[in-house]
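Step one of this worksheet: look at the structure below.
The values are calculated or read from the model by the stated rules, or taken from the named source; none is laboratory data. Predicted, not measured: the structure shown is a model, and the values here were computed from it. Here the Cβ is made from the backbone with ideal geometry for all residues, glycine too, and neighbour counts use every protein chain on show. These accessible areas exclude ligands, DNA and RNA; they are computed on the full protein's heavy atoms, side chains included. Shrake-Rupley method; radii C 1.70, N 1.55, O 1.52, S 1.80 Å.
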Amino acid sequence: MGSAFDTFRKLGPAAFVLKAIIFVIAADVLLLAFILLRRTYRKWYFANRDARMLAIRLRWEALVSGEIPYVAWRSKTSERQLVETMVLDAYEVANPEESARLLKFMRASGLVEKCILEARQHKGWRRHRALVALARTRAPEGIRALAEGLRDRDSETRLAALRGLGQMACPEAAKEILNWVDDAGLVVPALPLQSALVQSCAERPQVLLPHLQHADKTVREVLGRVLAEVATPSIGPELLRFADDELPELRAAAARGLCYVNASAAVTVLSELAKDAVWFVRLRAIVGLGELCHPTAAPFLLHGLTDSNRLVRLRAAEGLVDFKTELLPIFEKVVALKDQYGLHAFLTALENAGLQAGLIARIKAGTGIEKEILLQVVQTMKLPSENYPRQENILVKAASQS
Amino acid sequence: MNHFLDWANHAVFYYYLVSNLAYLTMLVIAFRTSAAHLRHLESVRFDWIKSSPMVPPVTLLVPAHNEAQFICTAVRNLLELDYPELEVIVINDGSTDKTLQMMQKEFSLRLVRAVYVPQIMSAPVRGLYRSDSDTRLLVVDKEPAGSKADAVNAGLNAATSPYVCVVDGDSVLERDALLRIMIPVLADPNRVIAAGGIVRVLNGAEIEAGRIRRVRLARKSIEVIQVVEYLRAFLIGREAWARGNMLMIVSGAFGVFRTDLVRAVGGYRPSAIGEDFDLVARLHRHSLEKGADYCIEFVPDPVCWTEVPSDLRSLARQRARWQKGLLDVLWPNKDMLFRPRYGRIGWLALPYLWLFELLAPVIEVAGFATVLLAAGFGALSWPFFLQFVLFGYGFATVISIGSVLQEELTYKRYNDWQDVARLVSYCFLEHFPYRQLHMIWRLQGIWQYLRGDMVWRPLKRQGQEPVGADKADSSPVTAS
């Protein structure tokens, strides 16, 4: 009697088929077994984890207050990870009082120090994770370690450190970012850098000013955009310096920030910037004029309605619509401009603000021959065909008034 | 003759060998990329991204044609997406049912005369409606033009955000899908010009108020096989191609694009059969011709659920259409092949699509023919033939199982182990007779294209909420 192998060999090509089928079935079974085992293990793991978390939650107060000695959980890796996760989650949604308590606990138990150590010592994705955890603690002593992360060779790590510093939202973090940008230049994409700087400079935008003076062109553009976002009345006068800067981003930043300055002074500068050759500078200036909502700004907003750029026209229209009590005279001036695009932008802004009915009511309440014409303009969105008085001198008048 | 047949059989064998080795390489790359992506996600805090002051606005473009039954639920869900700067533009593409009226009632739409600049050609717009209940919603009511591309173009003209995300009105997006798909864009907005998310099969899932309540595997074999195909296409194909910055398709059901670039290439081509593939090919061409440093990303975790055909007839139509779409894009772009100017797209991605996607059914049929001829002439080596069949079967099964395994190890959407067991089983079963049928449908597609038959034949849908009756047909399975 021959062995099973002999039988196999005698089968010839059919043996190969048989072997292949057996192999395929075995692979199927092994795969299913792997998936089944993995699922079973995970089920057990998560059930166990949930049970331990529940146990920690039950003695949470004692844990946070230090009643339970830190060594009781700190020396066990899995326990420590759970506590860290839970405390960071709780910290993110805590009120200021609770935040202070949790931060005190994290410092006293050594969790902050551990995060700092890991952020400094780990490499690769472990360092990303450590940097994120450190940033979540928002502990100022972690800023230095986060700043070191900015100098990592890996771009992902640099981004994690940058975002972390942004989350710190304090001038110290901003200084670290700015010093790094001074040294390294723009080695991360501009958007995350801007975001981080906006968050960290919001409290004290002045930290940006020295760097704006000596940074290179690319960095200045980015910092200019940040400045535009964080400008406050406290740096109003500083912004005036940038109104005639060679970089359009800086001029735009000045335009954006100038709405915080004294209105009468701002209107003069903004009206000049509203004539800039670069469209986004004009846009910022028009937005600034709109935000001022000052009567002297209205003529320049009217001029903005005739701008060649659609966005500038729309923003000018939105600014004009904010003069709610003056809508009728403004509308008359818009019609008098005889600019179809400007008229369209104004009526669109009016509709978006839900003020169209109010304007119609005011026109109807008015007197004079122009009443019917204006009503027709509102309804048809088309300029009147007859010679409606064109106010070419509106801007001249406005300039003299301002 | 015998010598020729022998040579032909060997050629087909080597063709399959190269094809499968290419897929095996993709599988390895995909495993590594997925692992890296999961590690990357550990260091991304979504609430940080959401609270970031510089998050660019995104306009969701939702073409809708005769979707009165579910459009309100779909729009409500889109408005609830977890993204800080959102605008939703629904394009009512000449619906003959009450799609517009339903939305008017539900969202208090009012006719506005907003500035609409038809920068990209589309059928005439009848009117624009802004919602009073949620000002982020704009509805563009336009004349029908018979193509999704035309509807999207109309929406592009009305979009005001630097990024647009095209979403099928009858698909279900997960709540954080938009935020997740924007992660690579936010990390490097200058380089990333488009990003695609994963499209998964909705059939079988339990849905409540337009949201997935529980993910279950579909019951019909034909649907389960498509699940395997989608997993293979997205978790292996797209993941690997994107890794090499050679992604040629961002699914029409869910993808984010830079608005200025889409406008620069003239928007979607209304006559395109596979408009999503066509757009990405033109974006590659545009960027490479400009010498731009760019990339098109695939993000495997933002999920869009979509219904797939559940009967053979509809599936046949869909697959024939995809093949037509493939040819419709590859043929006009043939000048990109092997030109140094087009880099790895011209040297790798496009040749692969020509050889292993477009011509695959032709070569398969030729392979069958030579085998039959060889058998007829008595020149067929049966051991070789059996080995060849088993090799092909075994290799293809490994790839399919690899995609299921990757799903299991990474994103794990099918929680019921019975579902996974069924998925694995279909990795073995899909090769006969589905694969042969698929080959015939694809051949039909090529034939239809060559004889100029470009008629769009509607697919039969089950009509699961919120899936409408007339689904836009996005192609996910190229590079599968």
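Can you give me the angle between helix A:263-273 and the longest principal axis of chain A, using Cα atoms only, in degrees from 0 to 90, rounded to the nearest 10? Roughly 80 degrees between the two axes. Evaluate the relative contact order of region B:1-112 (contact order divided by residue number), counting alpha-carbon pairs under 8 angstrom at least 6 apart; express in whole percent. So the answer I get is 24 percent.
Put simply, chain B fits an ellipsoid with semi-axes of 38, 23, 23 Å; these come from the alpha carbon gyration tensor as the roots of five times its eigenvalues, largest first. When A:F323, B:F338 are compared by accessible area at a 1.4 angstrom probe, the order from most to least is B:F338, A:F323. Its Cα centre serving as origin, region A:320-372 has a Cβ charge dipole (Lys and Arg +1, Asp and Glu -1) of approximately 120 debye. Using only the alpha-carbon atoms, how far is helix B:382-409 inclined from the longest principal axis of chain B? Give it as 0 to 90 degrees, nearest 10. It is inclined by approximately 30 degrees.
Between A:Y341 and B:A35, the simple spin-label model (points 7 angstrom out along Cα→Cβ) gives 5.6 nm.
Scattering from region B:130-214 was approximated by placing one identical point on each alpha carbon and applying the Debye formula without solvent; log10 I(q)/I(0) at 0.18, 0.21 1/Å stands at -1.10, -1.27.
Normalised by 2.2 N^0.38 Å, with N the number of residues, the alpha-carbon radius of gyration of region A:71-143 equals 1.05.
Across A:F23, A:F280, the residue with the most accessible area heads the list, and the full order at a 1.4 Å probe is A:F23, A:F280. Say the cut-off is 25 Å between C-alpha atoms; which of A:K382/B:K98; A:K364/B:K98; B:K105/B:K142; A:K275/A:K338; A:K43/B:K412 go over it? Pairs exceeding the cut-off: A:K382/B:K98; A:K364/B:K98.
Per-residue shielding of B:44-57, expressed as the average number of other chain Cβ atoms within 10 Å of the residue Cβ, stands at 5. To the nearest 10 degrees, how steeply does helix B:417-429 sit against the main Cα axis of chain B, on a 0 to 90 scale? Value to nearest ten degrees: 50. Between A:N95 and B:S221, the modelled label-to-label distance comes to 6.3 nm, taking each label 7 Å out from Cα in the direction of the beta carbon. Protection proxy ranking, highest mean first, for peptides B:339-346, A:344-351, B:294-301: A:344-351, B:294-301, B:339-346, where packing is the per-residue count of other beta-carbon atoms within 10 Å, averaged. When both region A:271-288 and region A:159-208 are represented by their alpha-carbon centers, they are found 27 Å apart.
Taking the Cα centre of region A:71-143 as origin and assigning +1 to Lys and Arg Cβ atoms and -1 to Asp and Glu Cβ atoms, the resulting dipole is close to 380 debye. Bridgeable lysines around B:K334 (alpha carbons under 18 Å apart, same-chain partners fewer than 8 residues away excluded): B:K324. Peptide B:369-381 has a mean of 0 when you count, residue by residue, the C-beta atoms of other protein chains within 10 Å of its C-beta. If only the Cβ of Lys and Arg carry +1 and only the Cβ of Asp and Glu carry -1, the dipole of the protein assembly as shown around its Cα centre is close to 1560 debye.
Remark: region B:368-421 is approximated by an ellipsoid whose semi-axes, taken from the C-alpha gyration tensor as √(5λ), come to 38, 9, 8 Å, largest first.
Here the peptides A:260-271, B:149-160, A:374-385 are ranked by packing, the mean other Cβ count within 10 Å, and the order with the highest first is B:149-160, A:260-271, A:374-385. How many nm is it between the label spots at A:L375 and A:N262, if each spot is 7 Å from the Cα in line with the beta carbon? My value for the distance between the label points is 4.7 nm. Given R₀ = 22 Å, what would the calculated FRET efficiency be for A:R241 paired with A:E172, taking r from the Cβ atoms and rounding to 0.05? After rounding, the FRET efficiency stands at 0.30. As a ratio to 2.2 N^0.38 Å, the alpha-carbon radius of gyration for region A:231-358 is 1.02. Can you tell me which of A:A174, A:A100, A:A285 moves the most in a GNM of chain A? Springs connect C-alpha atoms under 10 Å apart. Ranking A:A174, A:A100, A:A285 by mean-square fluctuation puts A:A100 first. Computed from phi, the 3J(HN,Hα) profile of region B:442-455 under the Karplus parametrisation 6.51, -1.76, 1.60 (θ = phi - 60°) reads 5, 5, 4, x, 4, 4, 4, 5, 5, 9, x, 8, 10, 5 Hz, with x in place of Gly and Pro.
Note on A:K76: lysines with a C-alpha under 19 Å away, same-chain residues under 8 apart excluded, are A:K114. Using only alpha-carbon positions in region A:54-110, the gyration tensor eigenvalues give semi-axes of 17, 12, 11 Å once each is multiplied by 5 and square-rooted (largest first). Treating r as the C-beta distance of B:E106 and A:S78 and R0 as 56 Å, the FRET efficiency rounds to 0.65.
Shape analysis of the protein assembly as shown yields a ratio of the Cα radius of gyration to the Kirkwood radius, Rg/Rh, of 1.02.
Multiplying the residue separation of B:H3 and B:T160 by 0.36 nm and subtracting their alpha-carbon distance yields 50.0 nm.
Counting only heavy atoms of the protein chains and using a 1.4 Å probe, A:H128 has close to 10 Å² of accessible surface. Cross-link reach is defined here as a Cα-Cα straight distance under 15 Å, omitting same-chain residues fewer than 8 places apart; for B:K50 the aspartates and glutamates meeting it are A:E92, B:E80, B:D82, B:E85, B:D176.
Listed peptides A:141-151, A:29-39, B:411-421, B:241-251 appear in the order B:241-251, A:141-151, B:411-421, A:29-39 once ranked by packing, highest mean of other Cβ atoms within 10 Å at the front.
Per residue, the protein assembly as shown exposes 43 Å² of accessible surface when a 1.4 Å probe is rolled over the protein heavy atoms with every protein chain present. With all pairs of separate Cα atoms included, region B:1-147 yields a Kirkwood hydrodynamic radius of 19.8 Å.
Taking all protein chains as shown and a probe of 1.4 angstrom, B:H431 keeps an accessible surface of around 20 Å². Averaging the sequence gap over all C-alpha pairs within less than 8 Å and six or more residues apart, then dividing by the number of residues, gives region A:71-143 a relative contact order of 26 percent. Computed from backbone phi, the HN-Hα couplings of region B:311-316 come to 10, 4, 4, 5, 5, 4 Hz, rounded to whole numbers (Karplus: 6.51 cos²θ - 1.76 cosθ + 1.60, θ = phi - 60°; Gly and Pro given as x).
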